[in-house]
1. For the stretch 11-34, check the following and say yes or no: at least one residue is open to solvent by less than 10 Å² (accessible area, probe 1.4 Å), in contact with a Cys (Cβ under 6 Å, 6 or more places away or on another chain) and farther than 20 Å from SER95 by Cβ.
2. What is the residue count in the stretch 142-183 for residues that are among the β-branched types (Val, Ile, Thr), exposed (fewer than 11 other Cβ atoms within 10 Å of the Cβ) and assigned to a loop (DSSP other than H, G, I, E, B)?
3. If you check every pair at least six apart or on different chains, which have Cβ atoms under 6 Å apart with a residue in the stretch 38-62 that is open to solvent by 40 Å² or more (accessible area, probe 1.4 Å) first and a residue that is among the hydrophobic types (A, V, I, L, M, F, W, C) and not in a loop (DSSP other than H, G, I, E, B) second?
4. Kindly provide the set of residues from the stretch 63-80 that are open to solvent by less than 50 Å² (accessible area, probe 1.4 Å) and either acidic (Asp, Glu) or touching a Pro at 6+ places or on another chain (Cβ under 9 Å) (or both), ordered by number.
5. So which pairs qualify, if the first residue must be in the stretch 81-103 and within 11 Å of VAL35 (Cβ to Cβ) and of a type in the set (D, E, K, R), the second must be open to solvent by 20 Å² or more (accessible area, probe 1.4 Å) and in a helix (DSSP H, G or I), the Cβ gap must be under 9 Å, and the two must be at least 6 apart or on different chains?
6. Quickly run through the stretch 184-203 and pick out the residues that are open to solvent by less than 30 Å² (accessible area, probe 1.4 Å) and assigned to a strand (DSSP E or B).
Amino acid sequence: VTVELPEQVPEDRLWFETQGHFMGGNVDLTLAHVVRVIPQAYSSLGRSSRHEVARLIGEINRHLSARASSGPILLMGPGRWGTSSPELGVPATFSDIANVSVLVEEADMGSGMVPDLSYGSHFFQDLVESGIVYVALFSGQAGTHYRNDWLSNDSRIDLETLGIGGDYPPEVRKAISLHDMGADGLKLMADLMSQRLLCFSQR
């Protein structure tokens with residue numbers, strides 16, 4: 001698939017951009033939903049609550065995928081997805097994330113710690129084999145542009161309106177934000193030749 005990335009995206013429409021640090025080939029996806037684990041909120045949780053975040057992420061993803069109108073999902077969180085050590089990332093199982101289209105790891109736990117990401121792990125190999133696009137974001141690094149406060153509250157969905165998360169403590173629910181990106185969606189484009197990946201609003 002040939003992908004022609006825009007030369008430049010207006011600052012207010014660009015969520016993130018990276019030079020390298022992604023896997024999945026050439027990509028041109030219109031994303032319907034974003035599920036994000038908020039680093040600062042996640043870093044304030046205890047170990048058991050972090051496991052609950054992982055379980056709730058799985059429920060959200062399965063709920064979205066079961067909807068007839070559901071489109072591609074981008075899942076983002078701090079540190080390493082699938083880790084067995086919650087202090088290093090989100091301890092989700094592969095089945096919790098297997099139905100997403102894009103998985104993003106932020107190299108910032110919200111506490112100043114920068115863990116190793118998933119390159120080379122068994123979990124990472126599962127991602128590649130399943131065709132899930134993988135992106136690692138290293139804020140402040142050359143070639144990376146990331147606005148962690150870009151997602152609007154206007155697009156945020158209350159989990160309880162979907163009948164999800166009512167059994168979880170408030171601090172667990174608050175560590176996750178779910179966003180409906182609307183009819184036009186959120187565009188994710190990547191080109192292997194230039195090693196450039198962009199994620200931006202189309203409007």
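1. The answer is yes, given that some residue of the stretch 11-34 is open to solvent by less than 10 Å² (accessible area, probe 1.4 Å), in contact with a Cys (Cβ under 6 Å, 6 or more places away or on another chain) and farther than 20 Å from SER95 by Cβ.
2. 0
3. These pairs meet every condition: GLU52/VAL172.
4. Correct list: GLY77, PRO78, GLY79.
5. Close Cβ pairs satisfying both conditions: ASP96/ARG55; ASP96/GLU59; ASP96/ARG62.
6. Of everything in the stretch 184-203, those that are open to solvent by less than 30 Å² (accessible area, probe 1.4 Å) and assigned to a strand (DSSP E or B) turn out to be LEU186, LEU188, MET189, ALA190, ASP191, LEU197, LEU198, CYS199, PHE200, SER201.
The values are calculated or read from the model by the stated rules, or taken from the named source; none is laboratory data. This one's a predicted model, so the numbers in the text were calculated from it and none came from an experiment. Cβ coordinates were reconstructed from backbone atoms using ideal geometry, including for glycine residues, and neighbour counts include every protein chain displayed. Surface accessibility is based on the protein's heavy atoms, side chains included, excluding ligands, DNA and RNA. Shrake-Rupley method; radii C 1.70, N 1.55, O 1.52, S 1.80 Å.
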